[in-house]
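Engineer: Sharing a structure, written as structure tokens. Questions coming.
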Amino acid sequence: MGEFTCNLKKYRLLKNYTQEQLAEIVNVRRETIMRLEAGKYNPSLKLAIDISRAVEAPIEDIFIFD
């Protein structure tokens, strides 16, 4: 399986969202955002799309699978 890189924290901070705020927007727990940012969790397609829309950045810039 390839390498997973997550740039979510960068885009979350550009929108001035806390982990809690972003989690509420995309209907997940804060721990899910924390695990995503640490690269320990691969999002579902729906979650990736919801996050992309929330932070107004392309999915492929936020989540990178090599």
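The values are calculated or read from the model by the stated rules, or taken from the named source; none is laboratory data. In this text the structure is predicted, and so the values were computed from the model without any measurement. Positions of Cβ are backbone-derived with ideal geometry, glycine not excepted, and every protein chain shown enters the neighbour counts. Heads up: the accessible areas ignore ligands, DNA and RNA and are worked out on the full protein's heavy atoms, side chains in. Shrake-Rupley method; radii C 1.70, N 1.55, O 1.52, S 1.80 Å.
Engineer: Under the condition of being without any contact (Cβ under 8 Å) to a residue 40 or more places away in the chain and within 9 Å of the chain's Cα centre (by Cα), which residue from the stretch 1-22 is farthest from Pro58 (Cα to Cα)?
Structural biologist: So the residue we want is Leu22.
Engineer: What pairs come out if I take residues in the stretch 34-54 that are at pLDDT 95 or above and pair them with residues that are open to solvent by 40 Å² or more (accessible area, probe 1.4 Å) and assigned to a loop (DSSP other than H, G, I, E, B) whose C-beta lies under 7 Å away, six or more apart or interchain?
Structural biologist: Arg35/Tyr41; Leu47/Val28; Ser52/Pro58
Engineer: Right, another one. Every residue in the stretch 13-43 that is within 22 Å of Glu3 (Cα to Cα) and open to solvent by less than 60 Å² (accessible area, probe 1.4 Å), please.
Structural biologist: Across the stretch 13-43, the qualifying residues are Thr32, Ile33, Leu36, Glu37, Gly39, Pro43.
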